[in-house]
Amino acid sequence: MIRRNVAVSTDEIEKQCHFMEEIREMPSRPRTYHVVTYGCQMNAHDSEKIAGMLEKMGMLEAEHREEADFVIFNTCCIRENAERKALGNIVWLKEIRKKRPEMIIAVCGCMIQEPGMAEILLRQYRFVNLAFGTSNLYKLPEMLFTILNSNRNAVYIENEDVIAEGLPVRRLRNDSAYLTIMYGCDNFCSFCIVPYVRGRERSRERKDILREAETLLKSGVKEIMLLGQNVNSYGKGLPDHTNFAGLLKDLDKMGVPRIRFMTSHPKDLSDELIEAMAAGSHILPQFHLPVQSGNNEILKRMNRHYTREKYLERVSALRSAIPDIGISTDIIVGFPGETEEQFLETMDLVNEVRFDSAFTFIYSPRKGTAAALMPEQIPEGVSSERIQRLITLQESLQKETLSRYIGLEEQILTEGISKRSSDAVSGRGKHGVSITVKGSADEIGQLLNVRITGIKNNTLTAERMQNP
Ligand code: SAM
Ligand code: SF4
């Protein structure tokens, strides 16, 4: 199939808006919806767009999926267990629908875009009314209109690498917002399915990003999280030669109180970006820099294009420019052929870097990726034992790593009431670590100035300071 890289035309978006209005006028349309989201922030933001479109069609959100007229599963396929979980929940809903036959079940997201999944859905999951891939998201109104009028099930999968501007969004939070700056990925790390299910890398135009940020700022948003699979390579192929450092500088000038971003690839982490972060007033001192492995041979077979030495050098460069920066990472254990010695090099790197936090994963073979065909797949028992050792090491180091924050002034954006105490609130500090402090429900969504007093279960505790 030929891939196309296109900006969806304004005529097409208007056409979809027209379908939203048509559905709104239909007497027999679904009245309520529920979106079930799996996976990363990209998916969470796609779900906000889905909810935005459904609300324009006149639907209201149902708290529980079993009560909704339209239930949509926004799936992830990065590891096999993410996929298994989604499929299990979709089958469970089939039983519920026996009591509510009017319920419409839809499935979308990365899993649908996997090779062979359309056939599986058509054969084994025939109770699913609508399925569509990541490229078709913006056509949800038209697809729903078609099935509502034909009483037939439909599967839509296209391999267009599109950018759709101007879709309605129903944001989950008023204080913090996702802002996608680029879609897809061109890196083809040998373990990863993302480039196959999210398409080739493409950047949104700077003017569209700045316009969206301006609107968010005016609406009172206090934090913007810039999203992309590899934000460091933002701008490739754009006519105005903008890069990520330039975009950050523009956003910093705009005055959004807090700017965060993810994810960064170590191979594209430039000095210019580090300088822009250090010079900025609103770019938070935190960096998610996935290392994946501490062994050069494994990194090479992962197709990561950096060495252990280069990674450590980039960490040093970040720390010399922004001394208190919070660094987090992703690590895969049990990559095909990983020996005990190679795994110990990963343990050694974790010991050396002292990450604020690490997301650890057992390698999961994904059909269609290069690593799935590599010999010497590691037995489950070996990988489980290795990941346990890695988690134990990270936890033992984390307490000491986080203790450097004790006594420091911090600022948190409160996300909710603390799970451990009803008279405390918690949220993320500027360095990316979760912090709990005395507070009440009416302070949720506020920026609070605090001083760090201690560590509890890998999060920080704090006392209140005067707000400016
Ligand atoms: N673009 C990001 C980057 O390059 O760091 C990563 C995006 S991916 C959604 C998040 C993490 O999932 C990766 O950093 C990697 O650690 C993990 N991951 C991806 N494919 C995996 C696989 N097949 N098995 C286990 N973990 C995987
Ligand atoms: Fe996957 Fe690598 Fe792209 Fe990240 S950079 S999304 S790990 S292919």
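The values are calculated or read from the model by the stated rules, or taken from the named source; none is laboratory data. Worth saying up front: this structure is predicted, and the values here are computed from it rather than measured. So basically every Cβ, Gly included, is an ideal-geometry build from the backbone, and we count neighbours across all protein chains shown. Areas reflect the complete protein model, heavy atoms only, side chains present, ligands, DNA and RNA absent. Shrake-Rupley method; radii C 1.70, N 1.55, O 1.52, S 1.80 Å.
Note on segment 111-142: residues that are crowded, with 23+ Cβ neighbours inside 10 Å, of a type outside the set (Ser, Thr, Tyr), modelled with pLDDT under 95 and out of contact with any strand residue (DSSP E or B) (no Cβ under 6 Å at 6 or more places or on another chain) total 3.
Just one of the numbered conditions (1) touching a strand residue (DSSP E or B) at 6+ places or on another chain (Cβ under 6 Å); (2) more than 16 Å from ligand 2 (Cβ to nearest atom) is not true of Leu167: (1).
The number of residues in segment 43-61 that are open to solvent by 10 Å² or more (accessible area, probe 1.4 Å) and either in contact with a Cys (Cβ under 9 Å, 6 or more places away or on another chain) or in a loop (DSSP other than H, G, I, E, B) (or both) comes to 3.
Of all residues in segment 25-41, those satisfying the criterion of being buried (at least 18 other Cβ atoms within 10 Å of the Cβ) and at negative phi are Arg29, Pro30, Tyr33, His34, Val35, Thr37, Tyr38, Cys40. Do you know which of the residues in segment 238-248 that are away from ligand 2 (no atom under 16 Å from the Cβ) and touching a strand residue (DSSP E or B) at 6+ places or on another chain (Cβ under 9 Å) is nearest to Asp186 (Cα to Cα)? So, considering only residues that are away from ligand 2 (no atom under 16 Å from the Cβ) and touching a strand residue (DSSP E or B) at 6+ places or on another chain (Cβ under 9 Å), the one nearest to Asp186 (Cα to Cα) is Leu238.
Of all residues in segment 99-109, one or more are within 16 Å of ligand 1 (Cβ to nearest atom), under 27 Å from Pro365 (Cβ atoms) and open to solvent by less than 20 Å² (accessible area, probe 1.4 Å). Applying the criterion of being within 16 Å of ligand 1 (Cβ to nearest atom) and hydroxyl-bearing (Ser, Thr, Tyr) to the residues of segment 238-269, the residue that is surrounded by the fewest Cβ atoms within 10 Å (Cβ to Cβ) is Thr263. Of all residues in segment 190-219, those satisfying the criterion of being within 16 Å of ligand 2 (Cβ to nearest atom) and either over 19 Å from the mean Cα position of the chain (by Cα) or open to solvent by less than 70 Å² (accessible area, probe 1.4 Å) (or both) are Ser190, Phe191, Cys192, Ile193, Val194, Pro195, Val197, Arg198, Gly199, Glu201, Arg202, Ser203. For first residues located in segment 453-464 and of a type in the set (Asp, Glu), partners that are modelled with pLDDT of 95 or more and not in a loop (DSSP other than H, G, I, E, B) and lie 6+ apart or on another chain with Cβ distances below 7 Å form the pairs Glu463/Val437; Glu463/Val450; Glu463/Arg451; Glu463/Thr453. Figure legend. Inter-residue proximity from segment 314-334: first residues over 14 Å from Phe359 (Cβ atoms), second residues surrounded by fewer than 16 Cβ atoms within 10 Å (Cβ to Cβ) and among the β-branched types (Val, Ile, Thr), beta-carbon distance below 9 Å, spacing 6+ or different chains. Indicated pairs: Gly334/Val382. Taking every residue in segment 180-198 that is within 17 Å of Leu299 (Cβ to Cβ) and pairing it with any residue that is away from ligand 1 (no atom under 11 Å from the Cβ) and among the basic types (Lys, Arg), at least 6 positions away or on another chain, the pairs with Cβ-Cβ distances below 8 Å are Ser190/Arg301.
Which numbered condition in (1) within 16 Å of ligand 1 (Cβ to nearest atom); (2) open to solvent by less than 50 Å² (accessible area, probe 1.4 Å) is the only one that Gly235 fails? Just one mismatch for Gly235, condition (1). Do we have any residue at all in segment 391-398 that's touching a helix residue (DSSP H, G or I) at 6+ places or on another chain (Cβ under 7 Å), more than 28 Å from Gly116 (Cα to Cα), open to solvent by less than 50 Å² (accessible area, probe 1.4 Å) and within 16 Å of ligand 1 (Cβ to nearest atom)? Within segment 391-398 (the criterion being touching a helix residue (DSSP H, G or I) at 6+ places or on another chain (Cβ under 7 Å), more than 28 Å from Gly116 (Cα to Cα), open to solvent by less than 50 Å² (accessible area, probe 1.4 Å) and within 16 Å of ligand 1 (Cβ to nearest atom)), the answer is yes, since at least one residue qualifies. Going by the conditions given, is Asn187 within 16 Å of ligand 1 (Cβ to nearest atom) and within 19 Å of the chain's Cα centre (by Cα)? When the stated conditions are applied, Asn187 passes them.
Screening Gly407 with (1) out of contact with any helix residue (DSSP H, G or I) (no Cβ under 9 Å at 6 or more places or on another chain); (2) more than 18 Å from Pro290 (Cβ to Cβ); (3) outside any loop (DSSP other than H, G, I, E, B) gives one miss only, at (3). Could you list, in sequence order, all residues of segment 423-453 that are touching a helix residue (DSSP H, G or I) at 6+ places or on another chain (Cβ under 9 Å) and more than 18 Å from Asp324 (Cβ to Cβ)? Across segment 423-453, the qualifying residue is only Val425.
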